1. In the chain, carbon and sulfur make up what percent of the accessible area (probe 1.4 Å)?
2. Using the Cα centre of segment 8-355 as the reference point, and only Cβ charges (+1 on K/R, -1 on D/E), how large is the resulting charge dipole? Debye, rounded to the nearest 20.
3. In angstroms, what radius of gyration and Dmax does the chain have, counting Cα atoms only?
4. Excluding ligands, DNA and RNA, what is the solvent-accessible area per residue of the chain at a probe of 1.4 Å, expressed in Å²?
5. Answer with one residue from Gln195, Ala11, Phe86: the one whose Cα lies farthest towards the positive end of the charge dipole of the chain, charges on Cβ with Lys, Arg +1 and Asp, Glu -1.
6. Just grab the label-to-label distance for Leu236 and Ala272, each label 7 Å out from Cα along the Cβ direction, in nm (one decimal).
7. Can you give me the distance in nm between label points at Leu171 and Glu197, each placed 7 Å from the Cα along the Cα-to-Cβ direction?
8. Could you state how much accessible area Glu173 has, in square angstrom rounded to the nearest 10, with a 1.4 Å probe and all protein chains kept in place?
Amino acid sequence: MPDPAVPPFLAACRRQPTARTPVWFMRQAGRSLPEYRAIRGDGSILDAIKVPDLSTEITLQPVRRYGVDAAILYSDIVVPVHAIGFGVDIAPGVGPVVEAPFEREADLARLRPLEPEEDTPWVLETVRQLVDELPAAVPLIGFAGAPFTVASYLIEGRPSRTYEKTKAMMLGEPALFSRLLDAIATLSLASLRSQVEAGAQAFQLFDSWAGALSVSDYRTHVLPASQRIFAGMADLGVPGIHFGVATGELLTSMADAGPDVVGVDWRVPLDAARSRLGDRVAVQGNLDPEAAFAPWPVLEAKVHEVLDANQGRPGHVFNLGHGVLPGTDPDQLTRVVETVQAAGPCAAAGAAAASG
Ligand code: CP3
């Protein structure tokens, strides 16, 4: 029986029955919302997040508009490396750029540990404000970048499609690569712990670009550092989500890192993802973000396709397979939320058997 005192999002993360499938959207804060554009102003997100009242408001906007079941902090995965002075910036229309990319052992000295209260006080102030202002049924998700995805920006110096330098270092200088990933894991872990200690009720580790790796390279060169993050969060007792794009072949390896929930993108049918993963984790996903550009009846059918693939089993958090795209019509996402929330319980007793 669903426990009405537990927010549906948290119950689903723990694979407990829920009266309905909880739903939120990656990148719901910012991006396509007109009310976001109206208050955001110019300048880098790295400056905008230093104003807690502004990041609090931007985080709350999608909760008010869509009625989603979770909030995600308005911030970025490069905030910790920026805060310790690695020389990362966010270039408008490009993404994260690094003035002097990570090239050699001496660069490890540029990755000092993060002191969250001194280096990112505004993040913690925003979390505290949000926990005060959010409805009790809507938990706040904190987040950080996973070691591989953050390393890809530090090594390439800018967004990349091929990760040539990253893989050259991973394969050619594996010991150095592993020390780099460990240093980033230490930063991400400190940031996540500080967000949860300030009141965030769940966390997501974004390994957005891990799908560029083969299973064996992922397991050898990347998994240990991500594992260290989930292990380092365990005593805090809040659910952790592990997400990547194009990670169909990596789903079980990403579950081995130790999350409670594994993010699934739209390339893998949710029932196939669930049979690969078995009963040890919940799943999050997996509507194609581009489906939001289709006429509503088509999008509606896609929403039902995802729900039907889950077959009412406990342990499903509805989401997109990646973030909201900037051109998305917010009304389409409102309809998605209404449809998911009206669709009924995730508590089918015999459903687990159907997963095979
Ligand atoms: O409208 C906006 O959202 C603008 C604010 C902004 C963010 N990041 C918010 C963010 C901007 C300009 C950035 C820069 C950035 N950082 C880019 C390019 C621009 C863009 O809008 O995407 C990229 C690719 C990054 C790196 C990054 N940040 C990655 C890979 C991720 C993980 C999520 C993903 O898309 O794969 C982030 C996280 C992020 N950036 C969040 C927010 C609010 C939090 C995650 C979430 O909301 O789900």
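1. On the way: 7310 of 13960 Å².
After summing per-atom areas, the C and S share lands at 52 percent.
2. On the way: 29 positive and 41 negative charges, 141 e Å.
With only Lys, Arg, Asp and Glu charged at Cβ, the dipole is about 680 debye.
3. For the chain, the Cα-based Rg and Dmax read 19.3, 57 Å.
4. Details: 13960 Å² over 356 residues.
That works out to 39 Å² for each residue.
5. Highest projection toward the positive end goes to Ala11.
6. 3.4
7. 4.1
8. Near enough 90 Å² of accessible area.
The values are calculated or read from the model by the stated rules, or taken from the named source; none is laboratory data. Bear in mind that the values here come from a model prediction, so they are computed numbers and not experimental data. All Cβ positions, glycine included, derive from the backbone under ideal geometry; neighbour counts span all protein chains shown. In case anyone asks, the SASA skips ligands and DNA or RNA and just uses the protein heavy atoms, side chains included. Shrake-Rupley method; radii C 1.70, N 1.55, O 1.52, S 1.80 Å.
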